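S.K.: Let me give you the structure first, and then I'll get to my questions.
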């Protein structure tokens, strides 16, 4: 189903700083790790928003904030007009039923001592109104069938399944309560390439069937392109560019996005020599001590004095048709696409 203009999640100026302390008895805060620092975007009904970036840029912390597994330092997340961090009791429980998560590693996210029936059916213990006790076994079997697993394997344990099958169990668990939003925290990064394609196809099919909205977090740009309607690029806790999949992959404007795309392997040998490779200098700065001004400036091939003085806002600029957090944003067409 095509995305609509109705926002199901509204994220505004979301911040999460983890304090750094010294001392054993009398702990004193001496700094903070700025894992997420001023992130804002909307997620629309029926849409898949891809969030990409290097390891350590704050993607998984963002997922935990959206699931209220972490509380923010500042900012807000609104679900259907309600700030999820202010919800309590029944209202909070209702929100959690409609916003679920698929975790990254199917080898550690499933309890090895629980059967598939217990794992997939566990959400019904918290929300018994979805499936009465006498109906749970049938519901679990239906969910297994929906994700492409044999419903007769309901009494098996996780170790009796392959990695792709385990991730399907995790997807079934995420679907159990019929949510509206699913946060996919790198759901295919631990799987073989052939299995990744199967899981992505499954997620797309489920989205069309149940009108789901996804936030799909990944570091693999080629994977995100196959599933995302829009893409947000994250660097050192902040968003640096956001746009449709076509805008990001064919006409990126931020130097970091351009560098990421230049590093994507090209399967077509004819086009390999045509792409300009952008090599970044230095290492990713520490989120405990990010650079002044633009956080990317210490590795950027366009950096100027202005970049050290002024923080670039994520906004539409004269050289960019979509929001980009760069003082010198300009379209750089990609010669060959990542799925060429």
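Coordinate-derived values only; no laboratory data. None of the values given here were measured: they were computed from a predicted structure. For neighbour counting, all protein chains shown are included, and Cβ atoms are generated from backbone atoms with ideal geometry for every residue, glycine included.
S.K.: How far is helix 136-146 tilted off the main Cα axis of the chain, in degrees rounded to 10, range 0 to 90?
M.R.: Orientation of helix 136-146: about 50 degrees from the principal axis.
S.K.: Okay, moving on. Given springs between every Cα pair under 10 Å in a Gaussian network model of the chain, which of 317, 88, 166 has the largest fluctuation?
M.R.: Sorting by GNM fluctuation, first place goes to 88.
S.K.: Okay, moving on. Starting with the fewest neighbours, write out 227, 183 ranked by other beta-carbon atoms found within 10 Å of each beta-carbon.
M.R.: So the residues, fewest neighbours to most, are 227, 183.
S.K.: Checking the a/c ratio against 1.5 first, then a/b against b/c, what shape does the Cα gyration tensor give for the range 14-141?
M.R.: Prolate shape, in that a/c is at least 1.5 and a/b is the bigger ratio.
S.K.: Here's something else I'd like to know. With both partners inside the chain, how many of the DSSP beta bridges are antiparallel, as a percent to the nearest 5?
M.R.: 60 percent
S.K.: Follow-up question, since we're still on this one. Enter the angle in degrees (range 0 to 90, nearest 10) between the Cα long axis of helix 193-210 and the first principal axis of the Cα atoms of the chain, meaning the one along which they spread out most.
M.R.: 70 degrees
S.K.: Stretch residue 27-residue 133 to full length: gain in nm at 0.36 nm per residue minus the Cα-Cα span?
M.R.: 33.3 nm
S.K.: Oh, and also: Using r as the Cβ-Cβ distance of residue 5 and residue 93, and R0 as 22 Å, what FRET efficiency do you calculate, to the nearest 0.05?
M.R.: 0.20
S.K.: For helix 89-98, report the angle its Cα long axis makes with the longest principal axis of the Cα atoms of the chain; keep it between 0 and 90° and round to the nearest 10°.
M.R.: The helix 89-98 is inclined about 80 degrees to the chain.
S.K.: Please report the relative contact order for the chain, taking Cα pairs under 8 Å with a sequence separation of at least 6, and give it as a percent rounded to a whole number.
M.R.: Answer for the chain is 19 percent.
S.K.: With each pseudo-label sitting 7 Å past Cα toward Cβ, what's the residue 204-residue 315 distance in nm, one decimal?
M.R.: 3.7 nm
S.K.: For the chain, what is the convex hull volume of the alpha-carbon atoms per residue, in Å³?
M.R.: It comes to 164 Å³ per residue, whole-number rounded.
S.K.: Under 11 Å from a label point 7 Å along Cα→Cβ of residue 288: give me every residue in the range 9-31 with its amide N that close.
M.R.: Output list for this probe position: 19-22, 30-31.
S.K.: Contact order normalised by length for the range 192-291, with contacts defined as Cα pairs under 8 Å and 6 or more residues apart; what percent is it?
M.R.: Answer for the range 192-291 is 17 percent.
S.K.: Right, here's the next one. Which of 310, 204, 186 moves the most in a Gaussian network model of the chain with Cα springs under 10 Å?
M.R.: Result: 310 has the largest fluctuation of those listed.
S.K.: Hey, fewest Cβ within 10 Å first, where do 256, 85, 44 land in order?
M.R.: Arranged by neighbour count, lowest to highest, 256, 85, 44 become 85, 44, 256.
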